[in-house]
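See below for the structure under consideration.
The values are calculated or read from the model by the stated rules, or taken from the named source; none is laboratory data. Worth saying up front: this structure is predicted, and the values here are computed from it rather than measured. Every residue, glycine as well, gets a Cβ built from its backbone with ideal geometry; the counts of neighbours run over all protein chains shown. Surface accessibility is based on the protein's heavy atoms, side chains included, excluding ligands, DNA and RNA. Shrake-Rupley method; radii C 1.70, N 1.55, O 1.52, S 1.80 Å.
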Amino acid sequence: MAAALVPETAQRLLTPETLRTAAKQSQGIHLVPLSLRRAIKRYLRDQDKAHMNRKVLLLSSSFQRAKGTGAELATAATRGALLDDPNAPSGAEQRAARWKVRSAYGDIGLRYREDETVAYVASRMPAIYAACHRVLREVRRRLPEFAPAKVLDFGAGPSSALWAMRAVWPKSIERVNLVEPSKEMQRAGQSLLDNLKGLPLIHSYDSIQELNRNIEKHERGHDLVISSYALGEIPSLSDRITIVRQLWDLTSDVLVLLEPGTPQGAKIISQMRSYILWMEKRKCRKAEKSSSHPPSNVKSIVSHEASLKNGSFVVAPCPHDGRCPLENSDKYCHFVQRLERTSSQRAYKRSKGVPLRGFEDEKFCYVALRRGKRPEEAWPLDGMKFETLKERHAKRKPEDLIIDYDDQFPSEQDEEVPNDDGDSLVPYASDGHELSLFHDSEEAEEEEEQTIRADLGGGWGRIIYSPIRRGKQVQMDVCRSTKRDASEGAFERVVVTQSKNPTLHFQARRSLWGDLWPF
């Protein structure tokens, strides 16, 4: 928190109020858009819904079985060991078991039959959409100038991430390439997108190899590449690295990797994050060595353009590009997004002897990386001075301590009569004001533009777990940068007390899991 020279504009913008606005990244309970709920209902109406509860239960158990087997086979030496599930059940359940699909680069995903696809859309798609929307919304807030036009969705499934991308960037996306090996998932995604207006140009491919064969080399760059809940279905680390390297080569700006919020999912994200950062650092070192020799004018221009493309940094959630401080600990980095359950989820999901709640918590872990070098920004608390509680009390005037009880309790004439026009009877709180998923209101856009956003410098830490509030102090587990260039980071327990810093204590009491914390 060392003081530094900050431009006047930064001093004018960074106030205690704007700090709280910029640090707010978490989202309350997410309401699945009306357009998506209607699309899911329309899709399920045309499907065979017999024994749907059993199909959802079998799908859930299949995920658990694949997750456990994937963890056991993560260190497998040969690809042949990945083709058969050693823990697969026998008998009637054998027909419901799914395993991997082989490609030129190994295993690329799970087989989804028609009944499993229907169960996935009914039970899992709203939660995947909510997690993708939460991540992409933060990318938009951290990168306000970023407006992707060409997008690649790897492991698209029924296009959950596409719905989230269109909700976050409703006007900029022009072309979308979907990579999904399951034909049933492709058909489900097309059915869900039917009758929607303002859609971009969409192409579906079975694999990355087919995508590269059908697209010219100069057209393979995508502004945004996202892989949601797909890498965990590839238990071989070598194949997983190959896929991520291919996705990074297809990325011209931002790459987003999203996995379930489990220890295995966090390990996958940490490994892929470390690999991309290491690969780009190696390219930068090679470029520096080649530029150290005095080349010709033409070669110097080419090397300078190449150096601008080299390098990468983490946009979110990590505030630094160093080694993950939780790598060899018993903790793992993950976040949670609460969403209101849709009618299909309430109808087909079952709990173990407990009434089903109206909401569910989707745990996820992710990383968003961008090409180039991290911008150098002033830290948010540079040049700011905070009063202690004792100093604040000393500045109070006697008249400020007088309480006017007439102002505390409004009279009967001041009370407003509630206007009951029937809007409160809609099944979801979002139904009354939402017109369309793909056309946001102008008021919402203006409000979003007016918010103060956290910059990409190393001065913002990440609150990893739920803050602990004990009396007049708040304890937070924060992942933060320890250097000004954000090259190294650490995991620290931050304690904020009301007596020493009432301003930051007020912010800490309102901070949630996943928010940023200024340094």
For this session: Mind listing the long-range amide H neighbours of R323? Cut-off is under 5 Å, sequence gap 5 or more, other chains count too, H placed in the peptide plane at 1.01 Å from N.
Result: G489
For this session: Provide the per residue accessible area, probe 1.4 Å, for the range 195-284, rounded to a whole number of square angstrom.
Result: 40
For this session: Which order do the peptides 134-143, 466-475, 115-124 take when ranked by the mean count of other beta-carbon atoms within 10 Å per residue, highest first?
Result: 115-124, 134-143, 466-475
Problem set entry | Cα→Cβ-extended label distance, 7 Å offset, between E174 and E391, nm | 5.4
Exercise. Which of K24/K331; K217/K267; K331/K483 have a Cα-Cα distance over 27 Å?
Worked result: K217/K267
Exercise. Can you list the lysines whose alpha carbon sits under 17 Å from that of K349, skipping same-chain ones fewer than 8 residues off?
Worked result: K41, K49, K55
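Given Cα pairs under 8 Å that are at least 6 residues apart, what percent is the relative contact order of the range 219-284?
Numbers: 61 pairs, mean separation 25.9, N = 66.
Over the range 219-284, the number comes to 39 percent.
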Exercise. Quick one: with all protein chains in place, what share of the accessible area of the range 191-275 is carbon or sulfur, to the nearest percent (1.4 Å probe)?
Worked result: 48
Exercise. Near the amide H of T251, under 5 Å away, which other amide H atoms are found, from residues 5 or more places off or on another chain, if H is placed in the peptide plane?
Worked result: H222
For this session: Could you please report the charge total around Q475, scoring K, R as +1 and D, E as -1 over all other residues with beta-carbon less than 10 angstrom from its beta-carbon?
Result: +2
For this session: Obtain the nm distance between the two label points defined at R469 and D194 by a simple spin-label model: each point lies 7 Å from its Cα along the Cα-to-C-beta direction.
Result: 4.9
Seminar exercise, completed: Here the range 149-158 yields Karplus 3J(HN,Hα) values (6.51, -1.76, 1.60; θ = phi - 60°; whole Hz; Gly and Pro given as x) of 9, 10, 10, 10, 10, 8, x, 5, x, x
